[in-house]
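The values are calculated or read from the model by the stated rules, or taken from the named source; none is laboratory data. Every value quoted in this text rests on a predicted model; they were computed, and no experiment measured them. In this analysis, Cβ positions are derived from the backbone assuming ideal geometry, glycine residues included, and neighbour counts consider all displayed protein chains. Note: areas computed on protein heavy atoms with side chains; ligands, DNA, RNA excluded. Shrake-Rupley method; radii C 1.70, N 1.55, O 1.52, S 1.80 Å.
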Amino acid sequence: MQKLKEKGVKFGFLNLHVGIGTYAPVKCKDTREHKMHSEAYSISSDLSEQIRVLPSQNKVVAVGTTSLRALEGAAVVSRQVIPGTSSTNIFIVPGYEFKVVDALLTNFHLPRSTLLMLVSAFKSRKEIMEIYQEAVEKKYRFFSYGDAMLLL
């Protein structure tokens, strides 16, 4: 992080209290029928302002799907998030239009999970499956304490 700071990268922090809903498998064929559980988050006024004034050529990079869900759950319009403590049950699937986050650093997620669907909203499902195929071939570790990927 220090090397990134030296290059001018700015950091902001938030909290999202992960619940069972993040890890619950999707059991229905139609994702519109899946019920996401709400998870509490807290976004400071400083972070909200930091995102709002960020030049458009700079990227908002979420580190972890939980950070992404909090930011997108608090988003009102492009690059604007409501600060404070609230909760979100946002279920991000392919076709979702991101309002805040431009890039995502995350681990590899399990099949049939809401998190795999979330990363498939960032890239096409085909691209994600190609990335995951390579991860399997190279024996990357999956799930919460696994290897990571950067999605742009």
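With N denoting the number of residues in segment 56-140, provide Rg(C-alpha) divided by 2.2 N^0.38 Å, to two decimal places.
Relative to the 2.2 N^0.38 Å estimate, segment 56-140 comes out at 1.15.
At what distance in angstrom do the alpha carbon centres of segment 23-43 and segment 75-152 lie from each other?
Cα centroid of segment 23-43 versus Cα centroid of segment 75-152: 14 Å apart.
In whole percent, and with a 1.4 Å probe on the protein chains, what portion of the accessible area of segment 8-152 is carbon and sulfur?
Result for segment 8-152: 54 percent of the exposed heavy-atom area is carbon or sulfur.
Order these peptides, 111-117, 121-127, by their mean beta-carbon neighbour count within 10 angstrom, highest first.
Details: 111-117: 17.1, 121-127: 15.0.
Final packing ranking: 111-117, 121-127.
So with the 1.4 Å probe, I'd like the accessible area per residue for segment 1-117, rounded to whole Å².
Each residue of segment 1-117 exposes 60 Å² on average to a 1.4 Å probe.
Across segment 102-116, in residue order, what do the Karplus-derived ³J(HN,Hα) couplings come to in whole Hz, using 6.51 cos²θ - 1.76 cosθ + 1.60 with θ = phi - 60° and x for Gly and Pro?
9, 8, 9, 9, 8, 7, 8, 9, 6, x, 6, 9, 5, 6, 5
Quickly work out the S144-to-S86 label distance, labels modelled 7 Å from Cα along the C-beta direction, and quote it in nm with one decimal.
2.7 nm
Extent of the chain along each principal axis, from alpha carbon coordinates, in Å, largest to smallest?
39, 35, 25
Under a plain spin-label model, where a point goes 7 Å from the Cα along Cα-to-Cβ, how far apart in nm are K29 and F13?
Once both label points are built, they end up 4.7 nm from each other.
Spin-label point model (7 Å from Cα, Cβ direction): what's the S78 to Q50 distance in nm?
Once both label points are built, they end up 2.3 nm from each other.
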